[in-house]
Amino acid sequence: MMIKNIDHIGIAVKSLEEALPLYTETLKLKLEGIETVESQGVKVAFILAGNTRLELLEALSPASPIAKFIEKRGEGIHHVALGVDGIEDRIKEIKESGLRMIDDSSRKGAHNADVAFVHPKSTAGVLYELCEQALSKEEQE
């Protein structure tokens, strides 16, 4: 099966500090953690929302893709991350089906996951992220 689940929904925000109270206090969702992903120019907060996560994304600089997204479209849903196994094979299958990839091979994302983005011009304007989670220590043994 190509897609296992919706791994998370990425939401672009101007400020994690300002956005978090909506999720943790008003909506009573659990903050799993905050990390910086220098390679993608973002600071991310993962919020547990039932069987999926919300990934709040704050730009680290004005040159960050998230900063450019917010400048053009404002805060809001940035991408839908689809959980996969064998991400390199999934990238190949997607390209063979005629869809355009932003990433021709995976790169490291938050939580040390392997990620690759499908270009929204080939998916009716939706930015999809393929996301293969890193194995936990228990799973590696």
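For the range 107-121, residues that are free of Cβ contacts under 8 Å to residues at least 40 places away in the same chain and either open to solvent by 30 Å² or more (accessible area, probe 1.4 Å) or more than 16 Å from the chain's Cα centre (by Cα) (or both) total 5. Looking at the range 65-114, which of its residues are part of a strand (DSSP E or B) and at pLDDT below 95? Answer for the range 65-114, where residues must be part of a strand (DSSP E or B) and at pLDDT below 95: Arg107, Lys108.
Among the residues of the range 59-80, none qualifies, meaning not one is over 16 Å from Val44 (Cα atoms) and buried (at least 17 other Cβ atoms within 10 Å of the Cβ).
Could we say that Lys14 is touching a Ser or Thr at 6+ places or on another chain (Cβ under 9 Å) and either open to solvent by 30 Å² or more (accessible area, probe 1.4 Å) or under 18 Å from Gly76 (Cβ atoms) (or both) here? Step through it out loud before you land on a result.
On the way: touching a Ser or Thr at 6+ places or on another chain (Cβ under 9 Å): no; either open to solvent by 30 Å² or more (accessible area, probe 1.4 Å) or under 18 Å from Gly76 (Cβ atoms) (or both): yes.
Against the criterion (touching a Ser or Thr at 6+ places or on another chain (Cβ under 9 Å) and either open to solvent by 30 Å² or more (accessible area, probe 1.4 Å) or under 18 Å from Gly76 (Cβ atoms) (or both)), Lys14 does not qualify.
The values are calculated or read from the model by the stated rules, or taken from the named source; none is laboratory data. Here the structure is a predicted model, which is why all the values come from computation and not from measurement. For neighbour counting, all protein chains shown are included, and Cβ atoms are generated from backbone atoms with ideal geometry for every residue, glycine included. To get the accessible areas, we keep the full protein, side chains included, count just its heavy atoms, and leave off ligands, DNA and RNA. Shrake-Rupley method; radii C 1.70, N 1.55, O 1.52, S 1.80 Å.
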